[in-house]
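For reference, the structure discussed in these notes is given below.
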Amino acid sequence: NSHQNSDKPLTIKTNNEIIIENPFQPRHLNEILEQQCGGIKSLSNVKLIDTDLPYYSENHLVGNQIELGGSKYVIYQKLEENTKHSIISVVDEHGIAKCLKIYRNPFLWSQYISETLTSRLTLSELKNFILSQESFCFSNSSVSVMELNNEGNLHNLINQYQKHNRRLEETVVLFYTLELLVILQTLHSADVIHGNFTAENFLICTEIQHNDSTHGLKMINFDTCIDLRKYENGTIFKDTLANCPVRCYEMRPGLTWKYQADTFGLCEIIYSMLFGESMELKNSIGDVRQTFRVPRLEECQNKIWETVFSTLLNNRPVDKENHLQQLSQLYNQCDNALTSDGGKLLNDLQVELAKQSLNLYIWAENQEV
């Protein structure tokens, strides 16, 4: 029972600060949607359907039709399934491939975040994200419709290289790091914390160049986002349970955190890209806000990684202005590391990205044989 009680969202107010415990709880997110955002009816792209959504078993999945609000989709493939949702690829009546995320219970927070980001970001900024285009809320579940990307995610890319005893080239890691920093800046400038900043939640786009008009990564999965504008200024967070896949240092001993939930996740992604393994931090004992040292960085050719990890792990501002300024400065430092040698690394980048696409194609072909 004590475990169940600790699972409840809790607001703690002191003279100096407001702390929200367990902010990722679906119950808490649904309460915010109902009490502060006007509920489901306030969402522009949600259709309410007063029936149950039929269950599609594995044996009768592919080739079936699923009807949503008068539109029919032919099911092509199951992409993911867990206790909370399943994700399938479908083709609509116009022959356009889409992705459907089917929730086990009605859950529209991701749709709310999608509409919120659409209203807060520019069209250029929105290209970094694959958002829910519309949702259908049934009596027993809900379904979100999204753009389909078939090129895999960053986690699978890292695993493929690890499986073949290879590492991603540092120029490619640096390029993806720049992409991740842009996405992080964009999201946090819109006062949204992702809360699940992991490699699985970044889809790869292969037709890319290093400039402002193209994007090598796109963020997905907005089920655990925190909308900071729904809390009083200065609110910080505490998470006592393993509600979130990204467990920043402050969550472990029950300290408060804010943007660290995402910046720590960014560090874990960069480290896994560099070394193909999880990040294990070295730190001093007894220091409440510890200084971290990241192992194996001496193996890297580029010295920028010391700056990246030291900045993100050891300088953790909770105010928005300083946080965004830090991310901007770090982006400029990384960009300079990629472009300061007269374009040689940029040329290398294009070659390495082409090799990467070829490697993935060859490995996929060999796996099918």
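The values are calculated or read from the model by the stated rules, or taken from the named source; none is laboratory data. Keep in mind that what you see is a predicted model, and the values were worked out from it rather than measured. Note that we place each Cβ from the backbone using ideal geometry, even for glycine, and neighbour counts take in every protein chain shown. Surface areas here come from the heavy atoms of the whole protein model, side chains and all, with no ligands, DNA or RNA. Shrake-Rupley method; radii C 1.70, N 1.55, O 1.52, S 1.80 Å.
Table for the structure above
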| quantity | calculated |
| --- | --- |
| Test: residue in the range 128-143 that is open to solvent by 30 Å² or more (accessible area, probe 1.4 Å) and modelled with pLDDT under 95 | yes |
| Filter pass, R296 being within 30 Å of I19 (Cβ to Cβ), of a type in the set (D, E, K, R) and out of contact with any Asp or Glu (no Cβ under 6 Å at 6 or more places or on another chain) | no |
| Residue under evaluation L61, criteria (1) open to solvent by less than 60 Å² (accessible area, probe 1.4 Å); (2) at pLDDT 85 or above; (3) out of contact with any Asp or Glu (no Cβ under 9 Å at 6 or more places or on another chain); (4) of a type in the set (A, V, I, L, M, F, W, C), criterion not met | (2) |
| Considering residues of the range 64-93 that are hydroxyl-bearing (S, T, Y) and either touching a Cys at 6+ places or on another chain (Cβ under 8 Å) or farther than 19 Å from Q133 by Cβ (or both) only, the residue surrounded by the fewest Cβ atoms within 10 Å (Cβ to Cβ) | T83 |
| Residues (touching a residue at least 40 places away in the same chain (Cβ under 8 Å) and surrounded by fewer than 19 Cβ atoms within 10 Å (Cβ to Cβ)) located in the range 94-104 | A97, K98 |
| Where E179 falls short, out of the listed (1) open to solvent by 30 Å² or more (accessible area, probe 1.4 Å); (2) farther than 19 Å from S110 by Cα; (3) among the acidic types (D, E) | (1) |
| Given (1) open to solvent by less than 20 Å² (accessible area, probe 1.4 Å); (2) in a helix (DSSP H, G or I); (3) over 25 Å from N347 (Cα atoms); (4) touching a Ser or Thr at 6+ places or on another chain (Cβ under 9 Å), number of the condition T116 does not satisfy | (4) |
| Subset of the range 48-58 that is within 18 Å of I87 (Cβ to Cβ) and under 29 Å from the mean Cα position of the chain (by Cα) - its residue that is modelled with the highest pLDDT | L53 |
| Any hit, the range 204-212, residues being of a type in the set (A, V, I, L, M), within 15 Å of the chain's Cα centre (by Cα) and at pLDDT below 95 | yes |
| Which numbered condition S44 misses (of (1) within 21 Å of D191 (Cβ to Cβ); (2) in a strand (DSSP E or B)) | (2) |
| Subset tally (residues that are touching a residue at least 40 places away in the same chain (Cβ under 8 Å) and part of a helix (DSSP H, G or I)) for the range 119-134 | 3 |
| Pair list, Cβ under 7 Å, 6 or more apart: the range 190-219 residue charged (D, E, K, R) and open to solvent by 10 Å² or more (accessible area, probe 1.4 Å), other residue part of a loop (DSSP other than H, G, I, E, B) and modelled with pLDDT under 85 | K218/C205 |
| Given (1) polar (S, T, N, Q); (2) under 23 Å from R166 (Cα atoms); (3) without any contact (Cβ under 8 Å) to a residue 60 or more places away in the chain, number of the condition S357 does not satisfy | (3) |
| Residue under evaluation S110, criteria (1) among the hydroxyl-bearing types (S, T, Y); (2) over 27 Å from N156 (Cα atoms); (3) not in a loop (DSSP other than H, G, I, E, B), criterion not met | (2) |
| Condition met for E147 (in contact (Cβ under 8 Å) with a residue 12 or more places away in the chain, open to solvent by 10 Å² or more (accessible area, probe 1.4 Å) and under 24 Å from N332 (Cβ atoms)) | no |
